[in-house]
Amino acid sequence: MNNLIIIGGGGHAKVIAGILKKLKTYNVKGYTDIHDRGEILGLPYLGTDDWLIDRLDEWKNCSLVIGLGMLSLNSIRKQVIERFTQYNFNFPVVVSPDAVVSEDTNMEKGTVVIDGAVVNPGTKIGAWGIVNTNATVDHDCTIGSNVHIAPGAVVCGGVSIGKEAIIGAGAVVKQNITICSGSIVGAGAVVVSDIREPGIYIGCPAKLMEPA
């Protein structure tokens with residue numbers, strides 16, 4: 001059983017820890033974080049990220065899961081990903097046994113699918129994606145890298161989402177819509193036309209509130 005370490009110790013990391021315990025696929029050694037948050041679902045605090053970097057020879061064959069998921073930490077999450085991809089770690093796709101991922105889907109390294117989520121056939125999700133609790137990504141969607149589909153969001157069929165976009169909690173994206181990279185769709189927004197300019201979009205129908 002391959003050793004695995006979770007990077008991060010907040011709420012998202014706790015959710016991932018719970019999924020990994022259900023999967024029983026990896027020997028989860030613990031987590032790293034800038035703060036010692038005590039045990040997380042029985043998993044010990046190992047130290048800061050530097051603790052792991054200082055022990056590359058010992059842990060070079062270890063798998064890692066990025067446990068940073070807060071929307072406000074998206075840039076920090078990207079920095080952490082860039083730091084650890086310099087080294088020879090494995091970044092598995094983690095899919096909850098309580099999610100539904102259809103055949104004929106493709107998910108790249110580091111993507112996590114949380115409890116209750118649904119990913120339907122023909123969908124492609126880039127590296128480091130998050131499909132959060134009870135979110136739905138319907139058929140034939142193309143989703144870029146480091147995209148967060150937040151809890152309860154609905155992405156209808158044939159949608160294209162650029163890299164580093166965020167689809168907020170409970171948002172709905174109409175079928176065959178294109179959303180450009182770096183866009184943020186606010187919680188509860190309804191997207192009925194293409195988003196071609198990065199920024200924050202809110203409301204029903206979703207409108208640009210603040211350019212990037």
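The values are calculated or read from the model by the stated rules, or taken from the named source; none is laboratory data. Computed from a predicted structure; not experimentally measured. Cβ sites come from the backbone with ideal geometry, for glycine too, and all protein chains shown count toward neighbours.
Residues that are in contact with a Cys (Cβ under 8 Å, 6 or more places away or on another chain) and over 24 Å from GLY116 (Cα atoms) occur at least once in region 27-41. Restricting attention to strands (runs of 3 or more DSSP E) lying wholly within region 18-100, give those where 1 or more residues are among the β-branched types (Val, Ile, Thr) and at pLDDT 95 or above. Strands (runs of 3 or more DSSP E) meeting the threshold: 27-32, 63-66. Applying the condition of being closer than 19 Å to SER96 by Cα and aliphatic (A, V, I, L, M) to region 17-35 and asking which residue is surrounded by the fewest Cβ atoms within 10 Å (Cβ to Cβ) yields LEU23. Residues in region 184-199 that are surrounded by fewer than 18 Cβ atoms within 10 Å (Cβ to Cβ), farther than 17 Å from PRO151 by Cβ and of a type outside the set (Asp, Glu): 4 in all. Scanning region 149-190 for residues that are part of a strand (DSSP E or B) and either touching a Pro at 6+ places or on another chain (Cβ under 7 Å) or in the same structural domain as GLY69 (by TED's automatic domain parsing) (or both) yields a count of 1. Taken together, the residues in region 1-21 that are more than 23 Å from GLY116 (Cβ to Cβ) and of a type in the set (Val, Ile, Thr) amount to 2. If I filter region 179-191 for residues that are more than 23 Å from GLU210 (Cα to Cα) and either among the acidic types (Asp, Glu) or at pLDDT 95 or above (or both), do I get at least one hit? No; the residues of region 179-191 include none that is more than 23 Å from GLU210 (Cα to Cα) and either among the acidic types (Asp, Glu) or at pLDDT 95 or above (or both). Inside region 101-127, residues that are under 20 Å from VAL173 (Cβ atoms), out of contact with any helix residue (DSSP H, G or I) (no Cβ under 8 Å at 6 or more places or on another chain) and in a loop (DSSP other than H, G, I, E, B) make up a count of 10. Scanning region 37-59 for residues that are more than 23 Å from the chain's Cα centre (by Cα) and charged (D, E, K, R) gives ASP54, ARG55, ASP57, GLU58.
Only one residue in SER145, SER193 is over 21 Å from LYS109 (Cα atoms), in a loop (DSSP other than H, G, I, E, B), out of contact with any strand residue (DSSP E or B) (no Cβ under 6 Å at 6 or more places or on another chain) and hydroxyl-bearing (Ser, Thr, Tyr), so which one is that? The unique qualifying residue is SER193.
Across region 86-102, the number of residues qualifying as closer than 22 Å to ASP140 by Cβ and either surrounded by 15 or more Cβ atoms within 10 Å (Cβ to Cβ) or among the hydrophobic types (A, V, I, L, M, F, W, C) (or both) comes to 5. Look at ILE130 and say whether it is among the hydrophobic types (A, V, I, L, M, F, W, C), in contact (Cβ under 8 Å) with a residue 40 or more places away in the chain, surrounded by 14 or more Cβ atoms within 10 Å (Cβ to Cβ) and within 20 Å of GLY170 (Cα to Cα). Considered against the rule, which asks whether it is among the hydrophobic types (A, V, I, L, M, F, W, C), in contact (Cβ under 8 Å) with a residue 40 or more places away in the chain, surrounded by 14 or more Cβ atoms within 10 Å (Cβ to Cβ) and within 20 Å of GLY170 (Cα to Cα), ILE130 comes out as yes.
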